[in-house]
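Scroll down for the structure; my scribbles are underneath it.
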Amino acid sequence: MSQEYIEDKTFEKYDFKINSFVKGEYEFCRFLNCDFSNVDLTDCKFIDCEFIECNLSLVNLTKTLFRDIKFKNCKMLGMHFDTCNQFGLSFSFDNCILNHSTFYKTKIKKTSFKNTQLHEVDFTECDLTGSLFENCNLIRATFDSSILEKSDFCTSYNYSINPEINRIKKAKFSIYGISGLLEKYDIIIDDNKNVPQ
């Protein structure tokens, strides 16, 4: 069965729980203030699209293709990016809430996360090479066998990353976040600046 092809269209204030979402391929489309929560996006394709102020919580992402996608000011709770079509998977997140989502085993190099909540997000075995985490809250996020080389965590906080089980060569961290790299050692870091000369 052939899918719909929708190009260069703007969807504003659509509630796709009420108006059923048309499955297909969406290219150069904008979704503004739309509600996708719990919608089934299985086998859908999104290429060069923007999602702004949308609710995508708990959508079904089985074989969903996201390529060159911008998410801005979106609520995205419990999303399973690990079930997406992994071919060309690429997106950026700006001021989003991604709590309880998973990127397990995804290859998402050079991904930008800005001003985004990443509480309890699973990055296990994820390739995040060269990614940017700008002013993100990573409390209880899981990094296990993750590739974080050349990634930038300088302005992010509440992360716990074990250097022994993750690849962190040339990753950037702030001196204020150094405790997040040493948490497993259960040591106390005193930031008292009265160091003898």
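The values are calculated or read from the model by the stated rules, or taken from the named source; none is laboratory data. Worth saying up front: this structure is predicted, and the values here are computed from it rather than measured. Backbone-built Cβ (ideal geometry, glycine too); neighbour counts: all protein chains shown.
The table below lists the values:
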{"read-out": "Test: residue in the range 68-80 that is more than 17 Å from Asp35 (Cα to Cα) and surrounded by fewer than 17 Cβ atoms within 10 Å (Cβ to Cβ)", "value": "yes"}
{"read-out": "Search result, residues across the range 155-168 that are among the aliphatic types (A, V, I, L, M) and surrounded by fewer than 17 Cβ atoms within 10 Å (Cβ to Cβ)", "value": "Ile165"}
{"read-out": "Sole residue being under 15 Å from the mean Cα position of the chain (by Cα), of a type outside the set (S, T, N, Q) and over 26 Å from Glu125 (Cβ atoms), chosen from Lys23, Lys72, Lys13", "value": "Lys72"}
{"read-out": "Of all residues in the range 80-128 being among the hydroxyl-bearing types (Ser, Thr, Tyr) and in contact with a Ser or Thr (Cβ under 7 Å, 6 or more places away or on another chain), the one that is farthest from Phe66 (Cα to Cα)", "value": "Thr124"}
{"read-out": "Residue check for Phe46: touching a Cys at 6+ places or on another chain (Cβ under 7 Å) and either crowded, with 19+ Cβ neighbours inside 10 Å or modelled with pLDDT of 95 or more (or both)", "value": "no"}
{"read-out": "In the range 1-20, the residues that are part of a loop (DSSP other than H, G, I, E, B), over 20 Å from Phe87 (Cβ atoms), in contact (Cβ under 8 Å) with a residue 12 or more places away in the chain and not charged (D, E, K, R)", "value": "Tyr14, Phe16"}
{"read-out": "Any chance Cys84 is outside the structural domain of Ser146 (by TED's automatic domain parsing), in contact with an Asp or Glu (Cβ under 9 Å, 6 or more places away or on another chain), surrounded by 16 or more Cβ atoms within 10 Å (Cβ to Cβ) and farther than 21 Å from Tyr159 by Cα", "value": "no"}
{"read-out": "Residue check, Glu7 buried (at least 16 other Cβ atoms within 10 Å of the Cβ) and either more than 22 Å from Ser112 (Cβ to Cβ) or in the same structural domain as Tyr104 (by TED's automatic domain parsing) (or both)", "value": "no"}
{"read-out": "Within the range 21-63, strands (runs of 3 or more DSSP E) holding 2 or more residues that are in contact (Cβ under 8 Å) with a residue 12 or more places away in the chain and within 13 Å of Thr10 (Cα to Cα)", "value": "24-27, 30-32, 50-52"}
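Each row is one residue, and each column tells you yes or no for (1) surrounded by 15 or more Cβ atoms within 10 Å (Cβ to Cβ); (2) more than 14 Å from Ser101 (Cα to Cα); (3) not assigned by TED's automatic domain parsing to the domain that holds Lys75.
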residue	(1), (2), (3)
Asp122	yes, no, yes
Cys126	yes, no, yes
Glu134	yes, yes, yes
Asn137	yes, no, yes
Asp144	no, yes, yes
Leu148	yes, yes, yes
Phe153	yes, yes, yes
Lys170	no, yes, yes
